[in-house]
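Read the structure below first, then the notes.
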């Protein structure tokens, strides 16, 4: 009977450990510099979308969960001068769940977009939940308003001395790789000074949100019925 | 002894089934209309990146794996007329692994970007591997050139009669939801007629690719040493 019990215990341990061992074997590498770097790599960590009728809150949500966006500028490049240009930039408005709403960038004069901005600082930034697992999880097409995206127009300006630390902390916690980028590229902190906001999060066309409502939006101020 | 064996068998079955049951419980819903819709939802299905020195091939790869992008246009909207505007659009150049390189769109005159294009058809489309699992898997920051992105400039034009079927098939296989979009929105097929291509896939700045090299790129024509 004792022999039977030992064999049983070994079998139980084997079955308990096997799934764990298999999981360790097949789990993908979690990149981006390791734990605690403040990013929502894992889709399970994404908080719920605010009520869609609170467009200002949805806009703040999208800005905070996204860590990159596409920026439109007016091209200064040969052959395409004056035409609209689009590029991808990393950004951050702060740590996950603690965003200020201000999109900060880490830019170099070597970038095409920055060359454009030096002549014409007007720009429009767009960010979409398609950048996260949200739309895939719910089966929303990237162009469906249910796969919420926002459009922020304004000007891109260098960050002032007083704002430098906030910009740096916001960016480096979400983009630790930036700390290693070569100083020969003359990186500087910039932000989008927002003048116009459109939110596409439901059917019926874009909702206009004022910068004031955008910056004042907090999760305590929910829409009707919340 | 028989009683001991039965209890053992039950315990074994329980341990075999438990991980499977837990997995079923926690597995996220695979959205986008079910299986076989021709999308690379699962990161494991993403094919390897072509050699980075073959910028044309990399550009074709990015266009094919992405199913949305950001389009820059010149704004015609009140208050921001003449300024650059950016928006998110779904797109497709064909089924996964069988793309033509032509980015097709499914547009409505109700969209802000389309209102802009009607006055000025110049546009720039940008797509990034940050839209897939690629950059996260390798720990590449979205703004790092290693997280390859491309910039395609040109004009957005309606698709001709002869090209209608190709556009429709390309789009609907990747975006089955489009088949349900309301006809009251007057959807039409469009494409980007590409005149300029920039590929940012490695350090050293953007690589210029001609449309001819872009459309002629096939996986049989690899870079040196491949």
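Nothing in this text is a laboratory measurement; each read-out follows from the coordinates by a stated rule. Predicted model, so just to flag it, every value in this text is computed and none were measured. Glycine also receives a Cβ, built like all others from the backbone with ideal geometry; neighbour counts cover every protein chain displayed.
Checking each residue in the stretch A:70-108 for being part of a loop (DSSP other than H, G, I, E, B) and over 15 Å from the mean Cα position of the chain (by Cα) picks out A:75, A:76, A:77, A:78, A:79, A:80, A:81, A:82, A:83, A:108.
Is it fair to say residue A:144 is farther than 19 Å from residue A:215 by Cα and in contact with a helix residue (DSSP H, G or I) (Cβ under 9 Å, 6 or more places away or on another chain)? Criteria met by residue A:144. Screening the stretch B:88-110 for residues that are touching a strand residue (DSSP E or B) at 6+ places or on another chain (Cβ under 7 Å) and without any contact (Cβ under 8 Å) to a residue 40 or more places away in the chain and picking the one that is surrounded by the fewest Cβ atoms within 10 Å (Cβ to Cβ) gives B:89.
Would you check which residues across the stretch A:84-116 are in contact with a helix residue (DSSP H, G or I) (Cβ under 9 Å, 6 or more places away or on another chain), over 17 Å from residue B:154 (Cα atoms) and within 10 Å of chain B (Cβ to nearest Cβ) and list them? Selection gives A:88, A:89, A:90, A:91, A:105, A:106, A:107, A:108, A:110, A:111. If you go through the stretch A:73-83 and keep only what is within 7 Å of chain B (Cβ to nearest Cβ) and farther than 17 Å from residue B:206 by Cβ, you end up with just A:74. Taken over the stretch B:69-87, the criterion of being in contact (Cβ under 8 Å) with a residue 12 or more places away in the chain and surrounded by fewer than 24 Cβ atoms within 10 Å (Cβ to Cβ) is satisfied by B:74, B:76, B:77. Residue A:131 fulfils the conditions (1) crowded, with 17+ Cβ neighbours inside 10 Å; (2) in contact with a strand residue (DSSP E or B) (Cβ under 6 Å, 6 or more places away or on another chain); (3) in contact (Cβ under 8 Å) with a residue 24 or more places away in the chain except for a single criterion, (2).
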